[in-house]
Amino acid sequence: MKKIVIVIAMLLPIAAFAQPVVDKIVAQVGDKIVLMSEVESYYYDALQQGEVPDDYRCAILQELITQKLMLIQAEKDSIVVTDDEVSSNIDNRIRYFIQMFGSEEKMEEFYGKSVQEIKEEFREDVKNMLLIDRMRESIVGGMSVSPTEVKEFYNSIPKDSLPFVNAQIEYSHIVMVPKANAEQKQIAKEKADGILKRIKNGEDFCKLASLYSGDGSKDNCGNLGCATRDTYVTEFSAAAFRLQPGEISDVVETQFGYHIIRMDSRQGDKACLSHILIMPPVTNLNFVAANKKLDSLRAQIMAKNITFCDAAKKYSDDEQSSKSCGVVINPQTGSGTFEISELSPDDYYSIENLKPGEVSQVLPYTTADGKKAVRIIMLNDQTEPHQLNLKDDYAKLQTFTLNIKQNKEMESWIRTKAEREYIRIDNIYSGCSSLNELMLANGK
């Protein structure tokens with residue numbers, strides 16, 4: 001069987017390129033089906049990014065069949081993902097797309113849906129993606145390669161075919177988001193209390209939300225859509241899900257500010273909610289304070305009173321990087337290595353004059369969810385353009401070697417499962433050699 005090519009990343013689809021298609025079932029794996037519209041959707045999304053191979057639809061269907069096999073096995077092995085894991089993953093993706101679009105409002109305008117509606121639409125897909133990832137981890141996650149295997153792989157590459165490696169960098173950062181002080185929080189709390197009083201005195205909730213709410217829901221009367229308890233932070237859910245339809249909460253404090261919540265209706269385990277969010281004002285004084293605090297922390301790092309790693313773990317407001325010593329992960333590869341072309345202009349200009357081990361001055365920064373912040377950056381490593389070699393690229397070669405080993409193990413696993421599960425593929429894919437091999441393994 002040919003190498004299985006992983007062609008599908010279950011992200012929120014950005015492409016709006018739709019091709020009319022008469023939908024039908026093109027494959028069945030056990031009790032799970034694959035629709036032609038799924039294959040075509042992934043195909044045209046990829047086509048928008050550039051040219052694709054002639055047999056790309058074959059590769060897409062093969063990957064979808066593989067995913068169905070893995071979901072079936074995940075059910076048999078009682079592999080589960082929690083609602084909190086699903087919600088956290090969706091929230092991370094939403095933050096990424098908000099940053100890409102420039103604002104929450106622009107993203108909602110593009111999709112024609114609220115953030116809550118987008119979250120609910122992709123909840124099942126994200127849950128399946130996490131189950132597939134967990135199943136894949138159970139199959140190949142424990143595998144490793146020895147230095148001997150890495151060297152053998154390197155030596156198997158013809159010397160005149162060794163690829164050229166572009167300049168690459170690795171960097172870490174510590175981010176501080178300016179925080180409202182006690183006085184600013186009190187001002188926001190008093191404002192929320194005043195609005196709640198106006199609602200109780202008969203003023204229209206929708207009008208007040210449109211006037212005062214500090215998030216994108218203000219354009220829709222504060223409406224948050226219908227979602228389960230785990231969609232929201234704990235304090236918000238605890239107050240919201242105690243309400244009866246039509247009831248309005250007291251002022252509720254969360255990490256985002258102060259909420260007035262209205263329960264509009266219930267749909268099973270989902271609550272349809274509206275809210276008014278009053279966020280404490282953050283002024284230039286807060287930025288000055290954050291800048292001063294971070295500059296002081298930088299001085300401690302430079303004096304070697306604390307390592308950059310420990311400082312990131314203890315003080316950084318970037319949850320994703322703080323757990324790994326502040327190392328910034330390349331979203332395109334999942335590694336901590338970036339080619340220069342993969343850096344945003346702000347990142348590039350922040351790093352270009354640093355040498356490995358050096359720490360930048362305090363710099364302005366915008367977080368993934370659009371908050372204004374400050375940060376310091378340490379350049380961990382930088383390589384010049386060169387031909388692939390064992391000395392400079394051992395980690396990369398180790399990854400290549402491991403991927404090959406894992407792919408072979410996955411192919412063996414898929415072949416074994418294909419022999420045991422019912423698989424049917426529509427005849428329109430009869431020209432796909434890799435799928436024909438899969439069906440041979442299935443005894444057809």
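What follows is calculated from the coordinates using simple rules that are stated; it is not laboratory data. Worth saying up front: this structure is predicted, and the values here are computed from it rather than measured. Counting neighbours? That spans all protein chains shown, and the Cβs are built from the backbone with ideal geometry, glycine included.
With label points built 7 Å along Cα→Cβ from the Cα atoms of Lys113 and Ser430, find their separation and express it in nm.
Taking the simple label geometry, Lys113 and Ser430 are separated by 3.8 nm.
Based solely on its DSSP helices, what 222 nm [θ] is calculated for the chain when runs of n ≥ 4 H residues each add -39,500 (n - 2.57) and the sum is averaged over all residues, nearest 500 deg cm²/dmol?
Calculated mean residue ellipticity at 222 nm is -14500 deg cm²/dmol.
Would you mind ranking Leu131, Leu285 by Cβ crowding within 10 Å, fewest neighbours first? Mind showing how you got there, number by number?
Values: Leu131 20, Leu285 11.
The fewest-first ordering by Cβ neighbours comes to Leu285, Leu131.
Relative to a virtual label point 7 Å from the Cα of Leu162 in the Cα→beta-carbon direction, which members of the range 375-401 show backbone nitrogen distances below 17 Å?
383-401
Please compute the length gained on full extension between Glu352 and Asp23, using 0.36 nm multiplied by the number of residues separating them and subtracting their Cα-Cα distance. Provide the component values of the computation, followed by the final result.
On the way: separation 329, 0.36 × 329 = 118.44 nm, distance 5.10 nm.
Roughly 113.3 nm would be gained on extension.
Which ordering of Phe400, Phe308 is given by a fewest-first count of other beta-carbon atoms within 10 Å? Please list the in-between numbers first.
Details: Phe400 17, Phe308 22.
Lowest count first: Phe400, Phe308.
Give, in nm to one decimal, the length gained when the segment between Lys323 and Lys106 is fully stretched (0.36 nm per residue of separation minus the Cα-Cα distance). Working shown, then result.
Working: separation 217, 0.36 × 217 = 78.12 nm, distance 3.09 nm.
Length difference between fully extended and current span is 75.0 nm.
How much net charge surrounds Tyr258 when only the other residues with a Cβ under 11 Å from the Cβ of Tyr258 are counted, with Lys and Arg +1 and Asp and Glu -1?
-2
Expressed as cubic angstrom per residue, what is the convex hull volume of the alpha carbon set of the range 182-278?
Details: hull volume 8.2 nm³, N = 97.
Spelled out: Cα convex hull of the range 182-278, divided by residues, is 85 Å³.
For the residues Ile169, Ile139, what sequence is obtained by ranking on other C-beta atoms within 10 Å, fewest first?
Working: Ile169 23, Ile139 16.
The order, fewest Cβ neighbours first, is Ile139, Ile169.
Give me, ordered by chain and number, the residues 5 or more places off Asp392 or on other chains with an amide H under 5 Å from its own placed amide H.
Under 5 Å from the amide H of Asp392: no residue qualifies.
Which entries of Lys127/Lys408; Lys68/Lys405; Lys68/Lys408; Lys185/Lys323 have Cα-Cα distances beyond 24 Å here?
Numbers: Lys127/Lys408 26 Å; Lys68/Lys405 22 Å; Lys68/Lys408 19 Å; Lys185/Lys323 28 Å.
Over 24 Å Cα-Cα: Lys127/Lys408; Lys185/Lys323.
Once you've got the Cα coordinates, tell me which of Lys197/Lys292; Lys313/Lys396; Lys371/Lys396 are over 28 Å apart. Please list the in-between numbers first.
Details: Lys197/Lys292 39 Å; Lys313/Lys396 26 Å; Lys371/Lys396 34 Å.
The pairs that break the limit, which is 28 Å between Cα atoms, are Lys197/Lys292; Lys371/Lys396.
Between Ser146 and Lys396, what is the spin-label point distance in nm, taking each point 7 Å from the Cα along the Cα→C-beta axis?
My value for the distance between the label points is 2.6 nm.
Restricted to Cα positions, what overall size does the chain have along the principal axes? Three whole-Å values, descending.
Sorted from largest, the Cα extents of the chain read 73, 59, 38 Å.
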